[in-house]
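S.K.: Dumping the structure here so I can ask a few things about it.
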Amino acid sequence: MPELLYEGKAKKVWTTSDPEQVEMEFKDDATAFNGQKRGTILDKGVVNAKLTAVLFAVLEREGIRTHLVRQLDDRRLLVDRLEMLALEIVARNIVAGSLAQRTGLAEGTVLKAPIVEIYYKNDALGDPLLNDEHVAVLELASPERLADLKERARAINRILSAFWAEMGILLVDFKLEFGLRRGELVLGDEITPDTCRLWDAKTRARLDKDRFRRDLGQVEEAYQEVLRRVMGHAAL
């Protein structure tokens, strides 16, 4: 019988008969502001499982190694077990959220070039923003590994920005997590409206978890709209 290895804010991770692989089960639970706000988004888990499977497949075709093996059902993915790094890599194309708060730039300002930021994945500390020196002091990654992570984030940003543009969606910013698979650096976790800011290219309507964070309403409709556009794309 599968055993629960871990339960987080958005997913459960289960053992499988293969010690090298685990099952990720996506939940409908929603949190914001480091868990201070909690709720439920109907069928979010179904949307996020499918989108992660599709987006990881897109990245694999472009040469980005991921932990995805295959989708098992509406809510579960079979993935390779990784030794996750305690870092979150955030790529930003348009000013939003904390970047607006930290810089004073108006939300919606298009950046002249993408920004890649590093955060310490530590709930007790509130996942703080780090610079390269902080990463070195905390021994979270070598300078070479950190440079590799940033370059991979930029490559993924180029691929996904083009992909979302075909859907009529702006990729505002997004979070990535990486881990080691037998010593190989691999993209893990998920890519979903939970971990990305996605705006309609024409109206700039928000199609992501900001609708939940900011009490904008129509949260489920936004997630379903993203899935509808992706699954209706002729190239898939």
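The values are calculated or read from the model by the stated rules, or taken from the named source; none is laboratory data. What you see is a predicted model, and the numbers here were worked out from it, not measured in a lab. Every residue, glycine among them, receives a Cβ derived from its backbone with ideal geometry; neighbour counts consider all protein chains shown.
Rundown of residues vs (1) at pLDDT below 95; (2) within 15 Å of VAL186 (Cβ to Cβ); (3) not assigned by TED's automatic domain parsing to the domain that holds LEU176, yes/no style:
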| position | (1), (2), (3) |
| --- | --- |
| LEU59 | no, yes, yes |
| VAL90 | no, no, no |
| ALA96 | no, no, no |
| ILE118 | no, no, no |
| LEU129 | no, no, no |
| VAL137 | no, no, no |
| LEU140 | no, no, no |
| ASP148 | no, yes, no |
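S.K.: For LYS112, all conditions in the list (1) surrounded by fewer than 16 Cβ atoms within 10 Å (Cβ to Cβ); (2) touching a residue at least 24 places away in the same chain (Cβ under 8 Å); (3) in a strand (DSSP E or B); (4) not hydrophobic (A, V, I, L, M, F, W, C) hold save one; what is the number of the exception?
M.R.: (2)
S.K.: If I filter segment 150-172 for residues that are more than 20 Å from the chain's Cα centre (by Cα) and touching a residue at least 24 places away in the same chain (Cβ under 8 Å), do I get at least one hit? Lay out the reasoning, then the answer.
M.R.: Residues of segment 150-172 more than 20 Å from the chain's Cα centre (by Cα): none.
No; the residues of segment 150-172 include none that is more than 20 Å from the chain's Cα centre (by Cα) and touching a residue at least 24 places away in the same chain (Cβ under 8 Å).
S.K.: Filter segment 206-217 down to residues that are touching a Leu at 6+ places or on another chain (Cβ under 9 Å) and part of a loop (DSSP other than H, G, I, E, B) and give me whichever is surrounded by the most Cβ atoms within 10 Å (Cβ to Cβ).
M.R.: Once the filter is applied, the top-ranked residue is LEU207.
S.K.: If ALA205 satisfies all but one of (1) out of contact with any Phe, Trp or Tyr (no Cβ under 9 Å at 6 or more places or on another chain); (2) under 20 Å from VAL95 (Cβ atoms), what's the number of the condition it fails?
M.R.: (1)
S.K.: Name, by its number, the condition in (1) at negative phi; (2) free of Cβ contacts under 8 Å to residues at least 24 places away in the same chain that does not hold for ARG182.
M.R.: (1)
S.K.: Going by the conditions given, is GLU117 in a strand (DSSP E or B) and of a type in the set (Asp, Glu)? Talk me through it step by step, then tell me what you get.
M.R.: On the way: in a strand (DSSP E or B): yes; of a type in the set (Asp, Glu): yes.
Considered against the rule, which asks whether it is in a strand (DSSP E or B) and of a type in the set (Asp, Glu), GLU117 comes out as yes.
S.K.: Say we look at segment 1-53 and pick out the residues that are of a type in the set (Val, Ile, Thr) and touching a Ser or Thr at 6+ places or on another chain (Cβ under 8 Å); which of these is surrounded by the fewest Cβ atoms within 10 Å (Cβ to Cβ)? Show your work before the answer.
M.R.: Restricting attention to segment 1-53, the residues satisfying the condition of being of a type in the set (Val, Ile, Thr) are 13, 15-16, 22, 31, 40-41, 46-47, 52.
Subset that is touching a Ser or Thr at 6+ places or on another chain (Cβ under 8 Å): 22, 47, 52.
Numbers: VAL22: 22, VAL47: 27, THR52: 24.
The selected residue is VAL22.
S.K.: Shifting gears a bit: Quick one: in segment 177-205, of everything that is small (Gly, Ala, Ser) and in a loop (DSSP other than H, G, I, E, B), which residue is nearest to LYS9 (Cα to Cα)?
M.R.: Filtering segment 177-205 down to residues small (Gly, Ala, Ser) leaves 179, 183, 188, 201, 205.
Within this subset, residues satisfying the condition of being in a loop (DSSP other than H, G, I, E, B) are 183, 201, 205.
Numbers: GLY183: 27, ALA201: 29, ALA205: 25 Å.
The extreme case among them is ALA205.
S.K.: Can you spot a residue in segment 159-171 that is surrounded by fewer than 12 Cβ atoms within 10 Å (Cβ to Cβ), out of contact with any Asp or Glu (no Cβ under 9 Å at 6 or more places or on another chain) and not aromatic (Phe, Trp, Tyr)?
M.R.: no
S.K.: Considering only residues of segment 61-81 that are hydrophobic (A, V, I, L, M, F, W, C) and more than 16 Å from the chain's Cα centre (by Cα), which is farthest from ALA153 (Cα to Cα)?
M.R.: Going through segment 61-81, the residues hydrophobic (A, V, I, L, M, F, W, C) turn out to be 64, 68-69, 72, 77-79.
Among the residues that remain, those that are also more than 16 Å from the chain's Cα centre (by Cα) are: 69, 72, 78.
Details: VAL69: 21, LEU72: 27, LEU78: 23 Å.
Filtering segment 61-81 for residues that are hydrophobic (A, V, I, L, M, F, W, C) and more than 16 Å from the chain's Cα centre (by Cα), the one farthest from ALA153 (Cα to Cα) comes out as LEU72.
S.K.: I would also like to ask the following. What is the number of the single condition among (1) assigned to a strand (DSSP E or B); (2) under 22 Å from GLY63 (Cα atoms); (3) out of contact with any helix residue (DSSP H, G or I) (no Cβ under 7 Å at 6 or more places or on another chain); (4) of a type in the set (A, V, I, L, M) that VAL172 does not meet?
M.R.: (2)
S.K.: Of everything in segment 5-39 that's within 19 Å of the chain's Cα centre (by Cα) and assigned to a loop (DSSP other than H, G, I, E, B), which residue is modelled with the lowest pLDDT?
M.R.: Only one residue fits best here, namely GLY35.
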